[in-house]
Amino acid sequence: MTLVTTEKEFVDNVALTSKWVNGGVDEVVDTPNGPILTLSAIARMGTAYVAMSPDSVMVSTGNKVFTIEAGKYFRAGQAVMIVADDNWMQGQISAYVGTALAVSVNAVGGSGQGSNWLIGLAAGTGDASEEICQLPPVDRVRDGVLFEMQQRDDDSPSGYKTYSATSGQIVDHVLESMPVGTDPGDFVQLGQSGKLPAVDGSQLENLPHPPQVNADWNATSDPAQILNKPAIGALPLLVATISGMTGLIDLGTWLQIDFGREANVRAYNGLTFTANSDGTASLPDGIYMVCGGINMTTNYLATYLIPPQMTVATGQVYAFPGQPGYCVQALPSTPLTTSKLWPGGSAGFSTISGVLTGVKAVNGLWLGVSKVQDTTAAFTVVPVGSIAYIKIG
């Protein structure tokens with residue numbers, strides 16, 4: 001018989017015996033069901049939950065105080081098993097301060113006075129009707145018996161069913177013989193990483209499927225609400241309108257809109273601008289998105305190139321039609337044919353879009369179209385449309 005008198009000797013004896021039983025393997029053993037800890041590893045991890053007390057204490061129910069080492073992982077409310085030779089007591093920790101461990105004992109075995117108590121955590125709350133995980137008494141650490149667990153079993157004459165690991169066994173063999181399931185009191189085998197097994201799709205059966213919910217920009221509650229929705233405010237912009245030849249300045253080869261003519265220009269959403277005497281406009285410094293379109297109409301019956309060779313452009317610093325980097329342009333496509341058009345007809349449509357970067361208020365902004373005439377150069381194509389300047393930066 002191996003007699004253990006201190007906590008360290010108890011743990012060392014378990015570790016050494018486990019190492020001998022398992023052929024010198026002292027950490028993890030691979031099994032068909034995955035790796036498991038050897039008993040020596042379990043013993044080392046359990047030292048914080050095991051204590052020895054030299055106190056002489058009467059075996060009986062009621063409140064008991066034991067002197068143990070400070071710094072253990074004992075907490076009030078935990079269930080403990082207290083063993084000395086053939087005597088044992090089971091109860092619940094009521095307090096642990098410094099080296100004093102107070103226990104409310106509710107079940108005992110044996111009689112008389114005992115000393116050199118081995119104290120360890122037990123499963124449950126200390127109620128004798130619950131399952132307990134009992135540390136082996138000091139006189140049971142012998143003959144290769146390294147691990148013992150008792151589970152409540154009302155069908156057993158003793159009221160408990162005992163599972164033990166003996167010579168040549170490891171903890172996994174004990175667990176394999178114990179009930180495995182999901183009901184209260186059942187055991188769950190650890191996965192290969194040493195953690196509880198993950199739930200996979202095969203275990204997710206008959207679960208309700210939440211209904212599909214489409215996001216709603218205007219929703220303010222419920223799953224359809226869009227969280228962290230960006231605030232999109234109205235952007236400042238300027239709209240220039242060309243309504244025929246009225247309001248255009250004839251500069252020979254091109255026609256420039258007069259930003260100083262009130263009917264030609266409207267500002268929105270707080271944008272301010274200054275109309276200059278030369279027909280240009282001074283916009284606040286920044287970056288502007290330019291977009292719009294010009295319909296090329298006729299006032300007289302005549303023959304025109306289709307599509308008309310009209311350039312639409314706007315910019316700063318350099319004169320019409322501008323230079324790349326300082327202007328946005330819509331250049332004409334190659335003419336395909338000629339066609340005779342009646343007054344009020346449309347010879348084509350030009351779309352303009354782009355970004356004006358580095359706009360400065362000190363530089364006048366111009367907007368214009370190239371002057372396009374019929375094949376006899378007698379009549380001018382009339383531009384009609386709107387161009388918007390949206391401040392985006």
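Some points to look at:
- Residue in region 62-73 that is of a type in the set (D, E, K, R), part of a loop (DSSP other than H, G, I, E, B), assigned by TED's automatic domain parsing to the domain that holds Gln113 and under 53 Å from the mean Cα position of the chain (by Cα) present: yes
- Residue satisfying all of: in region 240-297; of a type in the set (Phe, Trp, Tyr) and under 49 Å from the mean Cα position of the chain (by Cα); surrounded by the fewest Cβ atoms within 10 Å (Cβ to Cβ) among these: Tyr268
- Any hit, region 382-393, residues being modelled with pLDDT of 95 or more, among the polar types (S, T, N, Q) and part of a strand (DSSP E or B): yes
- Test: Thr351 is among the polar types (S, T, N, Q) and either in a loop (DSSP other than H, G, I, E, B) or in contact with a Cys (Cβ under 6 Å, 6 or more places away or on another chain) (or both): no
- Number of residues in region 291-332 that are over 14 Å from Leu367 (Cα atoms) and in a strand (DSSP E or B): the value is 8.
- Scan of region 239-284 for residues that are over 27 Å from Gln373 (Cα atoms), outside any loop (DSSP other than H, G, I, E, B) and either touching a strand residue (DSSP E or B) at 6+ places or on another chain (Cβ under 6 Å) or not assigned by TED's automatic domain parsing to the domain that holds Ile352 (or both), ordered by number: Arg266, Ala267, Tyr268, Thr274, Ala275, Ala281, Ser282
- Out of Tyr389, Tyr304, Tyr300, sole residue that is farther than 30 Å from Gly233 by Cβ and either buried (at least 21 other Cβ atoms within 10 Å of the Cβ) or acidic (Asp, Glu) (or both): Tyr304
- Residue check for Tyr288: touching a residue at least 24 places away in the same chain (Cβ under 8 Å), of a type in the set (Phe, Trp, Tyr), in a strand (DSSP E or B) and within 20 Å of Ile392 (Cβ to Cβ): yes
- Here Leu305 fits the description: farther than 21 Å from Ala388 by Cβ and in contact (Cβ under 8 Å) with a residue 24 or more places away in the chain.
- Residue within region 365-382 that is buried (at least 20 other Cβ atoms within 10 Å of the Cβ), without any contact (Cβ under 8 Å) to a residue 60 or more places away in the chain and over 17 Å from Ile257 (Cβ atoms) present: no
The values are calculated or read from the model by the stated rules, or taken from the named source; none is laboratory data. Computed from a prediction, not measured in an experiment: that's the story for all the values here. Please note: Cβ atoms are built from the backbone with ideal geometry, for glycine as well, and neighbour counts cover all protein chains shown.
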